Amino acid sequence: MIKSQETEKAGEKMPAFFQDIEVFRGDGSRNEKGETLEEFLENYDPYRYKNPCCTVDMAVFGYSGKDPENLEDLRILLIRRKNHPSIGDWPCREGLLS
């Protein structure tokens, strides 16, 4: 059993949120630490951030053209994920607020 399914901290157990992790596999790459998704989840500390924690998702648009009616000149900023979950995917920029 992977710790992601049940994590112990200070005598408490944290249940898994998902039974099927395939949706989070991304392109199957290893992260910068050389971890697979399973290894990342095994080492993940769900108590690292205070709960509840606030996150922000944003869409950053740019325009590089001269004709404002031409939507082909409209751009959106995407950053390829280099860590699990969903490594290799191209989501909109997001982050935790502190």
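The values are calculated or read from the model by the stated rules, or taken from the named source; none is laboratory data. As the structure is a computational prediction, the values presented were derived from the model and not from experiment. With ideal geometry, Cβ positions are generated from the backbone for all residues, glycine too; neighbour counts draw on all protein chains shown. The accessibility values were calculated without ligands, DNA or RNA, using every heavy atom of the protein model including side chains. Shrake-Rupley method; radii C 1.70, N 1.55, O 1.52, S 1.80 Å.
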Filter the range 51-76 down to the residues that are within 16 Å of the chain's Cα centre (by Cα) and not hydroxyl-bearing (Ser, Thr, Tyr) and list them by number. CYS53, CYS54, VAL56, ASP57, MET58, ALA59
Within the range 80-92, track down each residue that is open to solvent by 100 Å² or more (accessible area, probe 1.4 Å) and either more than 22 Å from ASN31 (Cα to Cα) or not aromatic (Phe, Trp, Tyr) (or both). ARG80, LYS82
Does MET58 qualify as being modelled with pLDDT of 75 or more and open to solvent by 60 Å² or more (accessible area, probe 1.4 Å)? yes
So which pairs qualify, if the first residue must be in the range 80-92 and without any contact (Cβ under 8 Å) to a residue 60 or more places away in the chain and in a loop (DSSP other than H, G, I, E, B), the second must be surrounded by 13 or more Cβ atoms within 10 Å (Cβ to Cβ) and aliphatic (A, V, I, L, M), the Cβ gap must be under 6 Å, and the two must be at least 6 apart or on different chains? ARG81/ILE87; TRP90/LEU78
Cβ-Cβ below 6 Å, separation at least six or inter-chain, first residue in the range 34-51 and touching a residue at least 40 places away in the same chain (Cβ under 8 Å), second assigned to a loop (DSSP other than H, G, I, E, B) and open to solvent by less than 80 Å² (accessible area, probe 1.4 Å): which pairs? LEU37/ARG25; LEU37/HIS84; PHE40/HIS84; LEU41/ILE2; GLU42/ILE2
List the number of the failed condition for ARG48; all other conditions in (1) at pLDDT 80 or above; (2) of a type outside the set (S, T, N, Q); (3) open to solvent by 70 Å² or more (accessible area, probe 1.4 Å); (4) within 14 Å of the chain's Cα centre (by Cα) hold. (4)
State whether the residues of the range 68-79 include one that is open to solvent by 100 Å² or more (accessible area, probe 1.4 Å) and of a type in the set (A, V, I, L, M). yes
Report yes if GLY95 is at pLDDT 85 or above and either surrounded by 10 or more Cβ atoms within 10 Å (Cβ to Cβ) or not in a loop (DSSP other than H, G, I, E, B) (or both), otherwise no. no
